[in-house]
Amino acid sequence: MFRLVRKNGLSYYVIDSFEKTGLVKHCFTTREGGVSENEYKALNLRFNCSDKRENVLKNYKIICDAIDVDYKKLVISKQVHEDNICTVTIEDLGNGITKENRFTSADGLMCNETGIPIVTLYADCVPLYFLDVKNKAIAMSHSGWKGTVKNISAKTVQKMIDEFNSKPENILAAIGPSIGECHFEVGDEVAYHFMEMPCGVIKKYGEKYHVNLQKTIENQLLSVGILKQNLTVSGICTFCNSDLLFSHRKTNGKRGNMAAIMELI
């Protein structure tokens, strides 16, 4: 499960199955515990907005101190709602934090070296975590509706197989908080992409379609060999919990970002 940790005014989620391995430091952040103000209150981790850069850096330091990660080593990419997944090495430490972002089009990051904290950012899209417990490798991918249609979840697994010799049965996977079916109303042009997928991922409420992104991704991961017992689905809706979590749709875009952070140890 995704378990909420609260301490000293800060809150974040950890994944029990990942924590029990002792192989990673990780979290999924909330709004609570930072220094940002107004619509960014409080733990905003989004740089490209009107929030002050020094506030965002301070927020990264706050959450990283809590999980014992060096925020100056964080590796961030520019997410563009595509299916590109980049492999990160020690040379990329600080990418997007202390030096220019060289990953200008990547919605997934992966590595098999210790001491490299990778980051993906969210405010309704689906956070995906992967941990190969045998070959000691990690990956994270950002899956909005476009990334879900492009099957970035399964492509991340395949890239771990290709680059790290991972086996799906050895991979722990987790689907984090995102907008739920309850509030992800879509037009026909989006609904069309989900109509050919397995039953249960799209429903019609009155005249409007609603898509279940977490269920869609669960089906995709199971179809590429991730074991049901190795898959954690949060079931947490960002819109329903917008007092705790940033939601783009709930606030009409006036919001900060949350982060998924993970590092091999």
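The values are calculated or read from the model by the stated rules, or taken from the named source; none is laboratory data. Small disclaimer: the values here were computed from a predicted structure and weren't measured. Positions of Cβ are generated from backbone atoms using ideal geometry, with glycine treated the same way; all protein chains shown enter the neighbour counts.
Per-residue answers, yes or no, for (1) touching a helix residue (DSSP H, G or I) at 6+ places or on another chain (Cβ under 9 Å); (2) free of Cβ contacts under 8 Å to residues at least 24 places away in the same chain; (3) surrounded by fewer than 17 Cβ atoms within 10 Å (Cβ to Cβ); (4) not charged (D, E, K, R):
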position: Cys27; (1), (2), (3), (4): yes, no, no, yes
position: Asn38; (1), (2), (3), (4): no, yes, yes, yes
position: Asp65; (1), (2), (3), (4): yes, yes, yes, no
position: Asp70; (1), (2), (3), (4): yes, no, yes, no
position: Asp83; (1), (2), (3), (4): yes, no, no, no
* To do: Show the residue pairs that are 6+ apart or on different chains and have beta-carbon atoms under 9 Å apart, the first residue being within region 127-146 and closer than 16 Å to Val24 by Cβ, the second being basic (Lys, Arg).
  => Asp132/Lys167; Lys134/Lys167; Asn135/Lys167; Ala139/Lys159; Ser141/Lys155
* Structure fact -> Note on Thr114: of the conditions (1) touching a residue at least 60 places away in the same chain (Cβ under 8 Å); (2) of a type in the set (Ser, Thr, Tyr); (3) surrounded by 21 or more Cβ atoms within 10 Å (Cβ to Cβ), unmet is (3)
* Since Asn48 meets every condition but one in (1) part of a loop (DSSP other than H, G, I, E, B); (2) surrounded by fewer than 19 Cβ atoms within 10 Å (Cβ to Cβ); (3) in contact (Cβ under 8 Å) with a residue 24 or more places away in the chain; (4) out of contact with any Ser or Thr (no Cβ under 6 Å at 6 or more places or on another chain), which condition does it not meet? -> (3)
* Give the residue that is farthest from the chain's Cα centre (by Cα), with candidates limited to residues of region 14-45 that are outside any helix (DSSP H, G or I) and of a type in the set (Ser, Thr, Tyr). => Ser36
* Return the only residue of Asn170, Asn257 being surrounded by fewer than 20 Cβ atoms within 10 Å (Cβ to Cβ), of a type outside the set (D, E, K, R) and either modelled with pLDDT of 95 or more or more than 19 Å from the chain's Cα centre (by Cα) (or both). => Asn170
* Asked: If Gly34 satisfies every condition in (1) in contact (Cβ under 8 Å) with a residue 60 or more places away in the chain; (2) surrounded by 20 or more Cβ atoms within 10 Å (Cβ to Cβ); (3) over 30 Å from Asn151 (Cα atoms); (4) touching a Phe, Trp or Tyr at 6+ places or on another chain (Cβ under 9 Å) but one, which is the exception?
  -> (1)
